[in-house]
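The values are calculated or read from the model by the stated rules, or taken from the named source; none is laboratory data. Fair warning: this is a prediction, and the values are worked out from it, not measured in the lab. All Cβ positions, even for glycine, are placed from backbone atoms using ideal geometry, and neighbour counts span all protein chains on display. Note: areas computed on protein heavy atoms with side chains; ligands, DNA, RNA excluded. Shrake-Rupley method; radii C 1.70, N 1.55, O 1.52, S 1.80 Å.
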Amino acid sequence: MTTSVIIRGAGVVGLCVASELRARGAAVTLLDPAPGPGPQACSWWAGGMLAPFCEGYTAEEPVVRLGQEAADWWQTHGATVHRNGSLVVTLARDRAELSQFARRTSGHIAVSGPDLAALEPLLADHFDRALFFGDEAHINPRMSLETLRARLISDGVAYEQTDAAPSAQTVIDCRGLAARDALKDLRGVKGEMVILRAPDLTLSRPIRLLHPRFPLYIVPRGDGVFMLGATQIESGERGRASVRSVMELLSAAYALHPAFGEAELLEIGTDARPAFADNLPRIRRRGGTIYVNGLFRHGFLLSPALARMLADLVLDGQIPEVMDEDHS
Ligand SMILES: Cc1cc2nc3c(=O)[nH]c(=O)nc-3n(C[C@H](O)[C@H](O)[C@H](O)COP(=O)(O)OP(=O)(O)OC[C@H]3O[C@@H](n4cnc5c(N)ncnc54)[C@H](O)[C@@H]3O)c2cc1C
């Protein structure tokens, strides 16, 4: 018998869960008030880094381990995955930060001089050493969400534009921060980002600039477009970027390479990442509703693993390692 599932929320989590369930034969209906991927979802503002090893600097072991599934999953599901690794650099005066980052992460090699210049010629004049995380990847998040959604629809998944709560036997709630009405321990962690166009500058991979006060990453989106991110502020506010944050992001980009001073400012964006107290995701069952939430800064990195676990639970009754069923 075919299992029928209703999914509330078509951000990155909802779309990944729908893809996994559909691939395994379930009949899936997606509900979302928006017509498709867009600025209403936190996923719209993401950098698209699939960087489990770098995230291990602050994140716990499951993020590093489960995040290693992400690049293959996105590729299998039609996204263009850039497998060029990522680089971590710091200004000379903050060199201790680079050593500390190296000690607390794995999956990197130290590069300097001509090796660094060969990887990223743009950085060669301003940085003499870096950590290279060769197994990391990145995607364009907006294009990848649209690709997933289009594939689901052509695969027979129904998409209904509504915010109404369905009365069905199995509902998967993937509403991100909107699920705070039911998940009282879910909080928002504000992230501000900027999109620039600098057609004369080329980077092949995400670069992280370590800095004691405002760490920055910059993700190339192709055609001279770059995403700069991101602040991390304890606040559920979703719509307002502050002058201070934007100034800090832009100054850090300028420190990475002064030519970013000539870039065109295309977009300033902000949203609040849905997170639990330990910043780890959860699958939580309450009656007929299963919540998949708390992806924090790892929506694109961890949704593939969460979707796999969710499908194992719904279709095969396997309890996921991130389940906390008894929480109320
Ligand atoms: C600046 C920034 C940079 C980031 N960079 C990265 C990164 O590089 N890599 C990474 O892995 N992660 C990154 N993240 C984190 C990632 O964006 C989040 O973890 C992810 O978006 C959370 O996805 P979600 O599907 O849970 O929520 P959302 O994307 O917010 O999706 C929730 C969906 O639910 C819908 N919804 C709301 N109410 C209802 C309702 N009543 N009924 C039905 N649907 C409803 C909304 O319309 C929305 O489409 C970043 C986040 C920010 C803010």
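Considering only residues in the stretch 192-232 that are assigned to a loop (DSSP other than H, G, I, E, B) and of a type in the set (Gly, Ala, Ser), the one that is nearest to residue 101 (Cα to Cα) turns out to be 230. Counting only residues that are of a type in the set (A, V, I, L, M, F, W, C), within 14 Å of the ligand (Cβ to nearest atom) and either open to solvent by 40 Å² or more (accessible area, probe 1.4 Å) or within 18 Å of the chain's Cα centre (by Cα) (or both), the stretch 17-47 holds 7 of them. For residue 321, the conditions (1) closer than 23 Å to residue 72 by Cα; (2) open to solvent by 30 Å² or more (accessible area, probe 1.4 Å); (3) part of a loop (DSSP other than H, G, I, E, B); (4) within 16 Å of the ligand (Cβ to nearest atom) are fulfilled apart from (4).
Just one residue in the set 10, 59 is more than 10 Å from the ligand (Cβ to nearest atom), assigned to a loop (DSSP other than H, G, I, E, B) and either buried (at least 17 other Cβ atoms within 10 Å of the Cβ) or free of Cβ contacts under 8 Å to residues at least 24 places away in the same chain (or both); that residue is 59. The single condition among (1) open to solvent by 10 Å² or more (accessible area, probe 1.4 Å); (2) within 21 Å of residue 203 (Cβ to Cβ); (3) not in a strand (DSSP E or B) that residue 301 does not satisfy is (1). Filter the stretch 246-288 for residues that are modelled with pLDDT under 95 and of a type in the set (S, T, N, Q) and give the result. Within the stretch 246-288, just 251 meets the criteria. Taking the stretch 165-200 as the range and being open to solvent by 20 Å² or more (accessible area, probe 1.4 Å) and either more than 11 Å from the ligand (Cβ to nearest atom) or more than 28 Å from residue 15 (Cα to Cα) (or both) as the test, the residues that pass are 167, 168, 169, 170, 184, 185, 187, 197, 199, 200. Across the stretch 73-85, the qualifying residues are those that are part of a helix (DSSP H, G or I) and within 28 Å of residue 116 (Cβ to Cβ), and the one among them that is least open to solvent (accessible area, probe 1.4 Å) is 74. Reported count of residues in the stretch 86-101, each being closer than 19 Å to residue 115 by Cα and either touching a residue at least 60 places away in the same chain (Cβ under 8 Å) or of a type in the set (S, T, N, Q) (or both), is 8. Residue 269 satisfies every condition listed in (1) near the ligand (Cβ under 10 Å from one of its atoms); (2) in a helix (DSSP H, G or I); (3) surrounded by fewer than 24 Cβ atoms within 10 Å (Cβ to Cβ); (4) small (Gly, Ala, Ser) except (2).
Select from the stretch 233-246 the residues that are part of a loop (DSSP other than H, G, I, E, B) and of a type outside the set (A, V, I, L, M) and write down the one among them that is most open to solvent (accessible area, probe 1.4 Å). Per the criteria, the residue is 240.
Here 295, 249 are screened, and the one residue that is of a type outside the set (Gly, Ala, Ser), crowded, with 19+ Cβ neighbours inside 10 Å and in the same structural domain as residue 214 (by TED's automatic domain parsing) is 249.
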